[in-house]
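For reference, the structure is listed below as structure tokens.
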Amino acid sequence: QVQLVESGGGLVPPGGSLRLSCTTSGFRFDYYYVGWFRQAPGKEREGVSCMSGSASDPYYTESVKGRFTVSRDNAKSTVYLQMHSLKPEDTAVYFCAADLPTSVQAMCLTPRIPSDYWGQGTQVTVSS
């Protein structure tokens with residue numbers, strides 16, 4: 001069974017930091033690209049950051065560049081999103097996903113990922 005489970009979300013004041021984790025099982029994690037997406041109420045889903053199996057040249061959406069860092073630990077089948085300098089506009093449900101090898105840009109901008117390869121999401125709320 002393919003499973004992806006996010007954790008680490010919560011309520012944080014503006015300027016704060018959070019680290020999201022996504023633990024996975026049921027597929028060859030090291031072979032798959034991984035990504036983080038977010039969706040706020042009334043807004044389109046947005047690809048935040050996507051990474052290849054080798055972790056080379058990850059993609060970041062412009063609004064998070066310099067603030068967020070994606071990483072992966074293939075030995076633990078886990079992907080992380082370290083978020084700094086959080087802003088209210090970062091408030092959203094954050095989802096992790098895995099995809100067969102593609103380009104990191106394609107994964108984040110035009111995702112075509114089966115439903116089983118998405119996590120359930122974790123809420124991030126940035127508010128004072």
Checklist entry - What share of the DSSP beta bridges in the chain is antiparallel, in percent to the nearest 5? => result 90 percent
Next on the checklist: Could you sort 94, 32 by their accessible area in this structure, using a 1.4 Å probe and putting the largest first?
Outcome noted: 32, 94
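For a quick check of your reading of the filter: which GluC sites (Glu not before Pro) in segment 34-116 sit in a DSSP loop and have no more than 15 other Cβ atoms within 10 Å?
For GluC sites (Glu not before Pro) across segment 34-116 that sit outside H, G, I, E and B with at most 15 neighbouring Cβ atoms in 10 Å, the list reads 44.
Using a/c under 1.5 as the rounded threshold, could you call segment 1-78 rounded, prolate or oblate? The axes a ≥ b ≥ c are square roots of the C-alpha gyration tensor eigenvalues, and prolate needs a/b larger than b/c, oblate otherwise.
Details: a/c = 1.68, a/b = 1.47, b/c = 1.14.
It comes out prolate by the Cα gyration axes.
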Checklist entry - Within segment 1-27, what residues put their amide N at less than 18 Å from the label point 7 Å along the Cα-to-Cβ vector of residue 115? => result 1-5
Item to check | Exposure of residue 57 as accessible area (Å², to 10), given a probe of 1.4 Å and all protein chains | outcome: 130 Å²
Checklist outcome for this item: Ranking 55, 17, 31 by how far each Cα lies towards the positive end of the charge dipole of segment 5-62 (+1 on Lys and Arg Cβ, -1 on Asp and Glu Cβ), the top one is 17
Checklist entry - Based on the Cβ-Cβ distance from residue 128 to residue 75, what FRET efficiency comes out when R0 is 35 Å, to the nearest 0.05? => result 0.35
Item to check | Rounded percent of accessible protein surface that carbon and sulfur make up, segment 87-128, 1.4 Å probe | outcome: 50 percent
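Counting each DSSP H run of 4 or more residues in the chain as -39500 (n - 2.57), what helix-only mean residue ellipticity at 222 nm follows after dividing by all residues, to the nearest 500 deg cm²/dmol?
Working: 1 runs with 6 residues, N = 128.
Theoretical 222 nm ellipticity from helices: -1000 deg cm²/dmol.
The values are calculated or read from the model by the stated rules, or taken from the named source; none is laboratory data. Quick caveat: nothing in here was measured; it's all calculated off a predicted structure. For neighbour counting, all protein chains shown are included, and Cβ atoms are generated from backbone atoms with ideal geometry for every residue, glycine included. Accessible surface is based on the protein model in full, side chains and every heavy atom, while ligands, DNA and RNA are left aside. Shrake-Rupley method; radii C 1.70, N 1.55, O 1.52, S 1.80 Å.
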